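Below is one structure, written out as structure tokens; comments come after it.
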Amino acid sequence: MSSERPRPEYPRPRLERRDWVNLNGEWEFGAGPEPRFDRRILVPFAPQAELSGIGERMPGDRLWYRRRFAAPAAERLLLHFGAVDYRAEVRVNGRVVARHEGGHTPFRADLTGVASGSENELVVIVDDPMTDATLPRGKQSWARTNETIFYTPTSGIWQTVWLEPLPARHVAALRVIPDLDAGAVELQVDAGGPVEVTASLDGVEVGRWAGPPGRCRIALGTAKAWSPESPRLYDLSVVCGDDEVRSYFGLRKVETREGRFWLNGEPYVQRLVLDQGYFPAGLLTAPTDGDLRRDVELAKALGFNGARKHQKVEDPRWLYWADRLGLLVWAEMPSFLAYSADAERRLLMEWQAAVERDRDHPSIVAWVPLNESFGIQEVDAATHERLVVRLYELTHRLDPGRPVSSNDGQQHGRTDLCTLHDYDPPAVLAGRYRNLETALDPSVRPAPPFLPGHSYQGQPIIVSEFGGIQLAAAPGWAYGEAAGPEELLATYRALIEALMDPGPVEGFAYTQLADVEQERNGLLTFDRQPKADLARFREATEANKLRTKDARR
């Protein structure tokens, strides 16, 4: 087990402080119904991951974590968890300080008056029923073996744990809403006293505001739009008394109208790649921050201007690199795979927390609360429609400024994007996507594009899953295969051209960036090696890039 502290970078880049204590590293660990600490685990890696030092697929439904820590001197002390799958109870010095349900979103505990000095005991008890398909599992298998699109599960702590010492008066929360048209930014600052806010661009101050906490608006002296081609970010400093937090934002505007997606007032074709965010030794947890950055860089090197982050609420550090390097993101909720009233409640609760955590990232340009009716394919029609519509409406209440794909790929209710999944070969796609009627024909799909009572209303049509080609020499599962690198490149190019030749399609998401365990249909291997020349993949990805609206539609 490594003696170096894993994942040492600050874990919350949109609300960063200078003083913090990283609690990643070696913890005591055990599994079973009663307290047990007979092993060692490397946090923040799940016990299923090789990097944890455990590497067991089914460690048990109840997990026990323990470590000692020194409490930094502070008027207020918070303990943060990036993500713990699935239910967590946190005890400090024998006192329960937090309970949390949800495997993908952060939570915290206030340790003020509970922890002090150099000797404190932290215990985390995790319950994650490994075979319960009603939990929002995403691509985590609930069976004892992997199969097709389902992979090794994750349980327990899988993102960074840290302490945050604070003064009594401090910034508690920050919401940032850029306004590109006005060249301004609006903020909602929750703080314990008056605040001073400074915005800067490239190290030069471009706006300032001071006053009581609450809403404020800053007119920016320089207005530069954010885009994948020019990912300009503004730095923010927010000071309340002795507390300072650093953040950032991008000025950008997204819309769907006239059958197109618009970025910063111009029609924009989204060329996305499906990205599942799995890593060979860490599973859902990237071994290093550099691995997260590399995935963004590789997607851009392959010619993509965005990624559909599939069935995973991703580490905020990956979103930071998407913001910093310029990659559009479709953010998606991991689905449950079997319906119950509790499953619906959990999905809605955690999706709200995910949107609230991530809605200030400029890279995110679309929300995907549901994929292919996962978990509700067998329910009655009224329940099916109610949940699809409820997720759409909830998402818009939380974030009115971004489009929503209500049920990605099929059976949309109210939706801002008409997304379709289609793994047919290039020749079939070339004929199907030349006009609206054939593109939306329900007879050629496993499920119709819209639910009964709903219909196409001129939304942008985006084929958000297609391709899925593996090299024939690589054993595993895929949607199709190519004999070698040259045939893979030729098939890939033909697929892109089939969609992007003149017709109604306004963008795509290719399946997928990298192989994941037994699913071998990535453009990269699981360890991120390209299966053919990166430059030639990029050339194919950008086929028809310069076509005008009139020529394409």
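For segment 211-338, take N as its residue count and report Rg(C-alpha) divided by 2.2 N^0.38 Å.
Computed over Cα atoms of segment 211-338, the ratio equals 1.24.
With an 8 Å cut-off on Cα pairs and a minimum separation of 6 or more residues, tell me the relative contact order of segment 328-458 in percent.
The value is 22 percent.
Can you tell me, using C-alpha contacts under 8 Å and at least 6 residues apart, the relative contact order of segment 363-434 as a whole percent?
Relative contact order, segment 363-434: 32 percent.
Just order 245-253, 115-123 by mean Cβ neighbour count inside 10 Å, highest at the front, would you?
Result, highest mean first: 245-253, 115-123.
To the nearest 10 degrees, how steep is helix 316-325 against the longest Cα principal axis of the chain, on a 0 to 90 scale?
The answer is roughly 60 degrees.
At R0 = 35 Å, how high is the FRET efficiency between Gln457 and Glu378 if r is their beta carbon distance? Nearest 0.05 is fine.
0.80
How far is helix 341-358 tilted off the main Cα axis of the chain, in degrees rounded to 10, range 0 to 90?
Result, in degrees: 80.
Give the residues of segment 98-112 whose amide nitrogen is closer than 12 Å to a point set 7 Å from the Cα of Glu89 in the direction of its Cβ.
98-100
Decide, for segment 108-193, between rounded, prolate and oblate: order the square roots of the alpha carbon gyration tensor eigenvalues as a ≥ b ≥ c, take rounded if a/c falls under 1.5, and otherwise choose prolate if a/b is larger than b/c, else oblate.
Verdict is oblate for segment 108-193.
Find how many whole Å separate the alpha carbon centroid of segment 459-479 from the alpha carbon centroid of segment 370-391.
25
How many angstrom separate the Cα center of segment 27-78 from the Cα center of segment 398-427?
39
Tell me the relative contact order for the chain as a rounded percent, counting alpha carbon contacts under 8 Å between residues six or more apart.
Values: 1379 pairs, mean separation 64.6, N = 553.
Computed over the chain, the figure is 12 percent.
Starting with the highest mean, order 34-43, 185-194 by the number of other Cβ atoms within 10 Å, averaged over the residues of each peptide.
Peptide ranking by packing, descending: 185-194, 34-43.
As an exercise, identify the trypsin sites (Lys or Arg not before Pro) in segment 290-381 lying in DSSP coil whose Cβ has no more than 11 other Cβ atoms within 10 Å.
Filter output for segment 290-381: empty list.
FYI, it's all coordinate maths here, none of it is from the lab. Here the structure is a predicted model, which is why all the values come from computation and not from measurement. A quick note on method: Cβ atoms are made from the backbone with ideal geometry, for glycine too, and the neighbour counts reach across all protein chains shown.
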